[in-house]
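Bear in mind that the values in this text are calculations on the coordinates, not laboratory data. The structure displayed is predicted, hence computed values, not measured ones. Reconstructed Cβ throughout: ideal geometry from the backbone, glycine too, with neighbour counts over all protein chains shown.
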Amino acid sequence: MRVLIDESKCCGAGQCVMIAPRVFDQRDDGIVILLDAAPPTELHAAVREAACVCPGAAIALDEGA
Amino acid sequence: MSAELLSPLPIKRTCPYAPPAEHRRLREEQPIAKVQLPNGRIAWAVTRHEHIRAILSDPRFSSNRRDPGFPSLSHEPPPASDLKPLLLEMDPPEHGQARRAVLGEFTVQRTQALGSRIQQIVDQHIDAMLAGPKPVDLVQAFSLPVPSLVICELLGVPYADHEFFQTRSSALVNQKTPAEEIARAVGELMMYLGRLVADKAQNPTDDLLGRQIAKQRESGGVNYEDLVSMAFLLLLAGHETTANMISLSTLVLLQQPDKLAALQRDPSKTLAAVEELLRYFTIAEHALGRVAKEDVELGGVRIAAGEGVLLLANTANRDPAVFGNADELDLERGSRNHLAFGFGPHQCLGQNLARLELQIVIDTLFRRIPGLRPAVPVDELPFKDETTVYGIREFPVTW
C-alpha cells in the first residue's frame, strides 16, 4: 500500500492522527504530515479508515503498490 | 419545484432520541424528498449517509446561511445582519483561509495538552455536587459549566462572564426565540467580544484570542471584526454541543447499566464509546444545511440552483447501508464514519476537544458518584425538541 496526501485539501480535522498516529501527524498549523508513505500491513486497516473518514478527501491510497 | 408535500418539519424525535419514523420512511423510500419548512418555504430533506457526504463535499453547495434559499428550521426569518460571515457560513476560497488561520489551535496535540486541566475542571464540579444538596440539576451543576469553562479558558474569556454567554447562546439555538430577541443577544455578544478583543490588543494574553492578535499583528494588522466573529462562533459552538452530549450520554449510560459496567471495567474502551454516543445522538443535526449554487443531479433528483437541502444526519447515522444494527447503541462499534460532526471542509473544528471532554467526563463521573441516578422518571425529562442542538433542558439527578 502506498499513501498519498494532498495538503491543499487537508482541513485539519485530525481524524487521521487519532486513527493512525504512526502514519499521520499534524504540523503546528494543523495540516497533515505523512510519516510513513508505505505503512506495514498491520496498519493498513487503520489507514483505510483514516482515508475513508477524512472530511477533505486529502488521503489517497494506492492499494496495488 | 412543484410538490406533493410531506408533513412539515421539524418532526420530534421518538423514544426519546431516535429519528422520527417519518424520516426513516424517507430514507428507505424517498431519500431526497421535498419538505415544507416551518417558515413555509420548500426544501429537500436528505436522509441517506452517502448523499449527505456527497453534498457536504461538493463545492456546488453553499454554506451561506444568509441566502434566502438556505433551509432554516426557525419559525422566524434570520435577522438582517451586518456581521462578518462566521466560519460556518463561508464558502471557498474565503473559508479555507479563515479556517487555516485558527486550525493550529485545535490540533490533536494541542487538544490533548488540555487534558489535565479538563480533568481538574471535571473533578471540581463533581466535588461541588457531592458537597451540595441533592437532587441537583446535572445540566446546571455539571453538563453546561464544564464545557463552558473549557472554551472560556481556551479563548481567554473571563469565566466570571460565563452566565452572560450561557443565557445568550441558549436563546440563539432555540428555534422559537423571537427574531428581536435573537438580534439583541447577537448584538450584546458582539459588543462584549469587541471590547474583549480590543482589551487583549492593548494587554496581550496567552490564549487563543491573544495568540490570534499577535499572529495577525506580525502579518500586517489586526482585523478586529474577523476576530470577534471567530470568537462568537467558537463560544457558541463550545457551549451547547458538548453540554448536551454530556447530559444525554449520562442518561443513556444510566439506563443501560450493563454497558456502563463494561466501560468501567475497561476504560480503554471509552474513546470508542464516545464515538458511538456521538453517532447515536447526532445532536447538531438541525444545524446541517446547504443551498445549491447551481443545478445538481443527485440520487435521481435534480436540485435546482437556489434550492435548500436539509441534511438529516441523525437519520443518516442510522443508515443500515453503513451501520449494522444501526438502531442499537453498541459501545464497542468504534466507527468514526458518522456525520455527527458534519463532513467536508467545514467538519467541526473542535471535534477532538469534544471527544476529549466526553472521554474524561465518562471516565470520571460514574467512578466518583457510583450511585448516580435520575431523580425523576425518565419520561418526564424535558427534551429539547425545538432547538438547533438536541439535548435535555433539565436533568435532576441524585445518588
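222 nm [θ] for chain B, helices only, -39500 (n - 2.57) per DSSP H run of 4+, per residue, to 500? It would help to have the intermediate numbers written out before the result.
On the way: 14 runs with 182 residues, N = 399.
That comes out to -14500 deg cm²/dmol.
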Under a point spin-label approximation (7 Å from Cα along Cα-to-Cβ), what is the residue B:39-residue B:297 distance to one decimal in nm? 3.1 nm
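Could you please tell me the mean projected area of the C-alpha convex hull for chain B, averaged over all directions and given in square nanometres to one decimal?
Details: hull surface 76.6 nm².
Dividing the Cα hull surface by four gives the mean projection, 19.1 nm².
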Quote the charge dipole size of chain A about the Cα centre in Debye, to the nearest 20; the model charges only the Cβ of Lys and Arg (+1) and of Asp and Glu (-1). 80 debye
Charge-dipole axis of the protein assembly as shown as Lys and Arg at +1 and Asp and Glu at -1 on Cβ define it, positive-most pick from B:173, B:335, B:308: B:335
Residue farthest toward the positive end of the dipole of chain B, with Cβ of Lys/Arg at +1 and Asp/Glu at -1: which of B:369, B:221, B:151? B:369
Stretch gain in nm, segment residue B:385-residue B:109, where the contour uses 0.36 nm per residue and the Cα spacing is subtracted: 95.8 nm
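Tell me the net charge near residue A:10. Cut-off is 14 Å between Cβ atoms, residue A:10 excluded, with +1 for each Lys or Arg and -1 for each Asp or Glu. Can you show the working numbers first?
On the way: positive: A:9, A:27, B:99, B:100; negative: A:6, A:7, A:25, A:28, A:29.
Net of charged neighbours comes to -1.
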Using a Gaussian network model of chain B with C-alpha springs under 10 Å, which one of B:194, B:324, B:308 is most mobile by mean-square fluctuation? B:324
Rounding to the nearest 20 debye, state how big the charge dipole of the range B:115-268 is about its Cα centre with +1 on each Lys and Arg Cβ and -1 on each Asp and Glu Cβ. 140 debye
Estimated vicinal HN-Hα couplings, Hz - the range A:30-46 in sequence order (Karplus 6.51, -1.76, 1.60; Gly, Pro = x): x, 7, 5, 10, 8, 8, 8, 6, 10, x, x, 3, 5, 9, 4, 4, 5
Label points 7 Å out from Cα along the Cβ direction at residue A:33 and residue A:2: separation in nm? 2.4 nm
Sorting check: for B:253-266, B:358-371, which peptide has the highest mean count of neighbouring beta carbons within 10 Å, and how do the rest follow? B:358-371, B:253-266
Gyration tensor verdict on the protein assembly as shown (Cα atoms; rounded if a/c is under 1.5, prolate if a/b is larger than b/c, oblate otherwise): rounded
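What is the gain in length, in nm to one decimal, between residue B:262 and residue B:140 on full extension, counting 0.36 nm per residue of separation less the C-alpha to C-alpha distance?
Working: separation 122, 0.36 × 122 = 43.92 nm, distance 2.80 nm.
Result: 41.1 nm gained on full extension.
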Listed residues B:116, B:249, B:170, most fluctuating in chain B (Gaussian network, C-alpha, under 10 Å): B:116
Using the basic label-point model (7 angstrom from Cα toward the beta carbon), what is the residue B:58 to residue A:52 distance in nanometres? 2.3 nm
The relative contact order of the range B:21-398, taking Cα pairs under 8 Å that sit 6 or more residues apart, comes to a percentage of 27 percent
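Quick one: length gained pulling residue B:28 to residue B:321 fully straight, 0.36 nm per residue minus the C-alpha distance?
On the way: separation 293, 0.36 × 293 = 105.48 nm, distance 1.05 nm.
So the chain would gain 104.4 nm between residue B:28 and residue B:321.
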With chain B treated as a Gaussian network of Cα nodes joined by springs under 10 Å, which of B:157, B:296, B:309 yields the largest mean-square fluctuation? B:296
Average projected area of the Cα convex hull of chain A, in nm²? 3.7 nm²
Which of A:54, A:23, A:12, positive extreme of dipole for the range A:2-62 (C-beta unit charges): A:54
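Assigning unit charges at the beta carbon (Lys, Arg +1; Asp, Glu -1) and nothing else, what dipole magnitude in debye, to the nearest 20, does the protein assembly as shown show about its Cα centre?
Values: 47 positive and 60 negative charges, 43 e Å.
It comes to approximately 200 debye.
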Take every Cα pair under 8 Å in chain A that's 6+ residues apart, average their separations, divide by the length, and report that relative contact order as a whole percent. 48 percent
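Evaluate E = 1/(1 + (r/R0)^6) for residue B:378 and residue B:128, where r is the Cβ-Cβ distance and R0 equals 30 Å; express this FRET efficiency to the nearest 0.05. Show your work: numbers first, answer last.
Values: r = 25 Å, r/R0 = 0.82.
After rounding to 0.05, the efficiency reads 0.75.
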Per-residue Cβ counts within 10 Å, from other chains only, averaged over B:331-341: what number is that? 2
